[in-house]
Structure formats: C-alpha cells, structure tokens
Amino acid sequence: MLNQFSRTQLLFGKEAMEKLAGSRVAVFGIGGVGGYTVEALVRSGVGAIDLIDDDKVCLTNLNRQIIATRSTVGKYKVDVMKERILDINPKVEVNVHKCFYLPETKDEFDFSQYSYVVDAVDTVTAKIQLVMEAKEAGVPIISSMGAGNKLDPTAFEVADIYKTSVCPLAKVMRRELKKRGVKKLKVVYSKEQPTRPIKDMSISCRTNCICPPGAAHKCTERRDIPGSTAFVPSVVGLIIAGEVLKDLAAK
C-alpha cells in the first residue's frame, strides 16, 4: 500500500522499513548537526526518537539550524523539533529531555532502551560520557567531531576515531578514549584545517549576548565562539543519519 515511506522502501525493502519502524534512536544535541540528523531519521521511517537538549532557539541559530525560524526563537529546541517530527509523521514516539547531558545527569537515561545513540553535543566531557554509557549498554553510537569553523562540506568522512587526523576535537577524543580502554568509535570528521573566525566584536556573542536571562548555558561561557555556515553542519547531520539508517536496516 502506498504510504509516505514508499519511495524509501523502493531502495531499502520492506524488511528494512519494518526494522526502522521498530527502532528507537537517541539524539543528544538538537542543533546544527543533530537537527538535520533527526529530520532525516524521521523522514526515513524511524519509529521512536529521544531528543536531548536544554537549549532554546537563538537568533544566531537561523543561519544553520533546521528548526530555527523567526517564529521559533526563544522556544526550547526539543519542543520545536518534537512539533516538527509529529507534523512529518504523527505515529513517531517522541521522548523529550530538557537537560544538558553530563556525568551528573547520566542516571536520567537508560541506554539499554536505545537501538542507536547519536552524539551531536559540543563538550568533550559529555561526549566521553555518552560513549562510555553506550559501550556499557552494548548500544551502537556515532559521534560528530568538530563542524564549527569549517567551510568544505566535501571534506567530511566516516572513520574510526583512531583513524582520524587533523581535527583538534578528534585528537582530544582519541587521547581520552584510549585512557579509558575504548577500542573503537565511529565518527564523522573533517581533515580540513579549521578557519579562524574574524574578530569583530560588533557581531560577537561575547559582547552582544542575546541569551534569555537565567539561561542555564550561555554562549558567552564558551572559551571560543565558532563561526558556522548553513552547508556544513547540515551535511554532517545527514551523513550521521545515513550511517544510523544503514546500520539499523542491516541488523
């Protein structure tokens, strides 16, 4: 019977679509990368999605985040993403978690419930904890390395973390995971040398912060505020989604 996933089924087959419908994917970080990952997963037939992020849509997100529009500025990203998901496919089970994932909040999550975990967060501490929790639960995970300050979307590739080079974030992750005895981790990374952002304080979040008062995490807390484009994070998010879908469909 013709349905919204018929064109996908022509390539994946009926059995794979049934596997996707029965899968539950947790996406940590619903920003430039994570938002596009969720979009592709939902449009491809994944039946349950967990959205984890404590951030709200900001004016500066409009240049790259699929959920960011003038009407969504100031709203929680997970709420906006949930509404979008259900507008695409009302049958999806959407679980929303308005929190910043850290070792202190890890007990709020039961990783054994997930079919796959997507790490699209920014901090090394959170990334390491996600990897450790997923590995302990025996759940596959894929991590996004640095997408900020990049201009070449064709330079991104999928690799094991220990096969990566150039990317500063991947270097830190290699070191920390090796310390913890992690043997492998699928990542998306780029060999492009990061571009240094132009120092223009008239357009910097550092001096023109518009985060709402009382926000749990402000961009001014960052050691470095990266530049970004519409065409890099989106590509990373879609590459990640493709890997998740292929792995789930092949199970």
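Table for the structure above
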item	result
Whether segment 82-178 is rounded, prolate or oblate, judged on the alpha carbon gyration tensor where a/c under 1.5 counts as rounded	oblate
Highest-fluctuation residue, Asp55, Asp119, Asp107 considered, GNM on the chain with Cα pairs under 10 Å	Asp107
Candidate values (1) 57, 44, 37; (2) 52, 36, 34; (3) 51, 41, 33, label of the one derived for Cα extents along the principal axes in Å	(1)
Segment 91-140: C-alpha gyration tensor shape, a/c 1.5 cut-off, then a/b vs b/c	oblate
The chain: calculated mean residue ellipticity at 222 nm from DSSP helix runs of at least 4, using -39500 (n - 2.57)	-10000 deg cm²/dmol
Residue among Thr60, Thr105, Thr125 with the largest mean-square fluctuation in a Gaussian network model of the chain, springs linking Cα atoms under 10 Å	Thr105
Centroid-to-centroid separation of segment 231-245 and segment 119-172 [C-alpha atoms, Å]	13
Footprinting exposure proxy for Tyr116, Tyr162, Tyr36 (fewest neighbouring C-beta atoms within 10 Å first)	Tyr162, Tyr116, Tyr36
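No value in this document is a laboratory result; all are computed from the given coordinates. Small disclaimer: the values here were computed from a predicted structure and weren't measured. Ideal geometry is used to build each Cβ from the backbone, glycine not excepted, and the neighbour counts take in all protein chains shown.
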